[in-house]
Amino acid sequence: MTTARLEADRVLYQEVQQFYARQMRYLDEGAVREWAATFTEDGVFAANAHPEPQRGRKAIEEGARAAAAKLEADGIQRRHWLGMLDVTETDGTITARTYALIINTPLDGQAAVHVSCSCEDVLIREEGRLKVSRRQVYRDDIRKDG
């Protein structure tokens, strides 16, 4: 692999890492509109814990807004911790695979891992910014095909 290719891979990896840091902070801080804006207008959010994918930024935002309201009502602060990032790019489309720990902390309570997941995103650039075109989440406690 050439030095130029290694440098390009390093720059892309850092860009994707920063994208996720910002995106997860939006979600964990309840900035639902900003979080949803990190998806393409026709983006898809699929998870083996949901019967059907959320299709389109509006549906993704509505789902996140409902989840944020429930967490607030339940007095839970949620944090998403992403790691083991693997990034590949082919013809301008970026595939990013991560592991995610979702941690809940109840008011005046102890933090605990809520679920462990693996995630695969297809990222594209719109106006020079990364956006999620498709996200697939697999909870480890549910069969991938279930």
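Since every read-out is calculated from the coordinates, none of them should be taken as a lab result. Worth saying up front: this structure is predicted, and the values here are computed from it rather than measured. Glycine gets a Cβ as well: all are built from the backbone with ideal geometry, and neighbour counts include every protein chain shown.
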Residue match in the stretch 89-104 (condition: loosely packed, with under 13 Cβ neighbours inside 10 Å and in contact with a helix residue (DSSP H, G or I) (Cβ under 9 Å, 6 or more places away or on another chain))
no
Mind listing just one residue for me: the one in the stretch 105-144 that is among the polar types (S, T, N, Q) and more than 24 Å from Gly56 (Cα to Cα) and, of those, nearest to the chain's Cα centre (by Cα)?
Ser116
Scan the stretch 52-61 for residues that are more than 17 Å from Cys117 (Cα to Cα) and without any contact (Cβ under 8 Å) to a residue 24 or more places away in the chain and jot them down.
Glu52, Gln54, Arg55, Gly56, Arg57, Lys58, Ala59
Restricting the first residue to the stretch 119-139 and requiring it to be among the β-branched types (Val, Ile, Thr), which pairs with a second residue that is assigned to a loop (DSSP other than H, G, I, E, B) meet a Cβ separation below 8 Å and a spacing of at least six or different chains?
Ile124/Gly92; Val132/Thr38; Val137/Asn48; Val137/Ala49
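Of the residues Ala4, Ala36, Ala8, Ala46, only one is surrounded by fewer than 11 Cβ atoms within 10 Å (Cβ to Cβ) and small (Gly, Ala, Ser); which? Break it down stepwise before answering.
On the way: Ala36 fails: surrounded by fewer than 11 Cβ atoms within 10 Å (Cβ to Cβ); Ala8 fails: surrounded by fewer than 11 Cβ atoms within 10 Å (Cβ to Cβ); Ala46 fails: surrounded by fewer than 11 Cβ atoms within 10 Å (Cβ to Cβ).
Among Ala4, Ala36, Ala8, Ala46, only Ala4 is surrounded by fewer than 11 Cβ atoms within 10 Å (Cβ to Cβ) and small (Gly, Ala, Ser).
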Please report, ordered by residue number, the helices (runs of 4 or more DSSP H) entirely within the stretch 1-104 with at least 3 residues that are among the aliphatic types (A, V, I, L, M) and over 14 Å from the mean Cα position of the chain (by Cα).
3-28, 57-74
Under 7 Å between Cβ atoms, which residue pairs at least 6 apart in sequence (or on different chains) link something in the stretch 1-21 that is closer than 19 Å to Lys131 by Cα and in contact (Cβ under 8 Å) with a residue 24 or more places away in the chain with a partner that is hydrophobic (A, V, I, L, M, F, W, C) and in a helix (DSSP H, G or I)?
none
